[in-house]
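Each value in this text was obtained by applying a stated rule to the coordinates, not by laboratory testing. Quantities reported herein were computed from a predicted structural model and do not represent experimental measurements. A quick note on method: Cβ atoms are made from the backbone with ideal geometry, for glycine too, and the neighbour counts reach across all protein chains shown.
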Amino acid sequence: MPKKPEQLQEVLHYTFKNPALLRIAMTHTSFANESKVPSTHNERLEFLGDSVLSVVVADYLFHHSKRPEGELTRMRASLVSEEALFQFAQEIHLGDYLRLGRGEDLGGGRNRPSVVSDAFEALIAALYLDGGMETARNFILPFITEGKTAEEDYKTRLQEVIQQNPEEKLHYEVESENGPDHDKKFVVAVYLNSNRMAAGEGRSKKAAEQQAAKEALRLMGLTE
């Protein structure tokens, strides 16, 4: 069931001074084209949000990674890709708040990566225009520092370490799941065979798994 854009403020833990920016960010071209009342869609905001996102990600990588320029460029591209933005948007169920035209809605627009990732960029721009760069940064950083993070894919790295001994098997178990649907917190533990190695917390199961793998690597002396 679609939700009103204004309801997204609860998920964001941010109240817009100018709520119209949020409405525009959640308005797809299909809605604007079908609306009997003139409506502004989110394409211009998407353009701005893409640039704000790129700056925040580049700044984070520059200060948190000692890798060479070529690798930083590759990591930034991965973090601002449509695939990554769609994953981030799914964590806050962004598709539920979109204003779509009837055809787009019936055609599955709320789950279409291109539509949802564009709206995510538009939302970044709305936050930036309403609250400044720090507000936008505070929204973006948790997404790029959890899960498949900017610096490492910890699950893959841990798997590569364990695979050196073919008899050893890794698996992950959800230990707890708390909070309302729009603000879940998961705790996941990683096990080596039947032995609990470490646990991690995140806003999605994938993010919690990554944090668990990171903690296991830290305990093994393989990461800080």
key: Kirkwood Rh in Å, taken over all unlike Cα pairs in the stretch 154-219   = 11.9
note = The relative contact order of the chain, taking Cα pairs under 8 Å that sit 6 or more residues apart, comes to a percentage of 19
query = Say each of R196 and R67 gets a label point 7 Å from the Cα, pointing the same way as Cα to Cβ; how far apart are those two points in nm?
reply = 3.2
ask   = What is the packing order of peptides 30-38, 196-204, 74-82, taking the mean over residues of other C-beta atoms within 10 Å and listing the highest first?
value = 196-204, 74-82, 30-38
request  = Over the stretch 69-123, calculate the relative contact order: mean separation of alpha carbon pairs under 8 Å at least 6 apart, over the residue count, as a percent.
outcome  = 40
note = Put in order of increasing Cβ neighbours within 10 Å, starting from the fewest, L219, L129, L85 give L219, L129, L85
key: C-alpha long axis of helix 205-219 to longest principal axis of the chain, angle in °   = 30
query = Once you sort the root eigenvalues of the Cα gyration tensor of the stretch 59-168 as a ≥ b ≥ c, which label holds: rounded (a/c under 1.5), prolate (a/b larger than b/c) or oblate (the other case)?
reply = oblate
query = Length gain on complete extension for the stretch N165 to Q90, per 0.36 nm per residue less the alpha carbon to alpha carbon distance?
reply = 23.4 nm
query = What share of Cα pairs, in percent, lie more than 20 angstrom apart in the stretch 57-113?
reply = 44
ask   = Any idea how far the Cα center of the stretch 37-94 sits from the one of the stretch 160-199, in Å?
value = 28
ask   = Going by alpha carbons, how many degrees (0 to 90, nearest 10) lie between the helix axis of 43-64 and the longest principal axis of the chain?
value = 20
message = Placing unit charges on C-beta atoms (Lys and Arg positive, Asp and Glu negative, everything else neutral), compute the dipole magnitude of the chain about its Cα centre in debye, rounded to 20.
response = 300
key: Extension gain, T29 back to A77 (0.36 nm per residue minus Cα-Cα distance, nm)   = 14.7 nm
ask   = By how many degrees, 0 to 90 and rounded to 10, does the Cα axis of helix 69-79 deviate from the longest principal axis of the chain?
value = 60
query = How long is the gain from R44 to R102 if the chain were fully straight, where each residue apart is worth 0.36 nm and the alpha carbon distance is subtracted?
reply = 18.7 nm
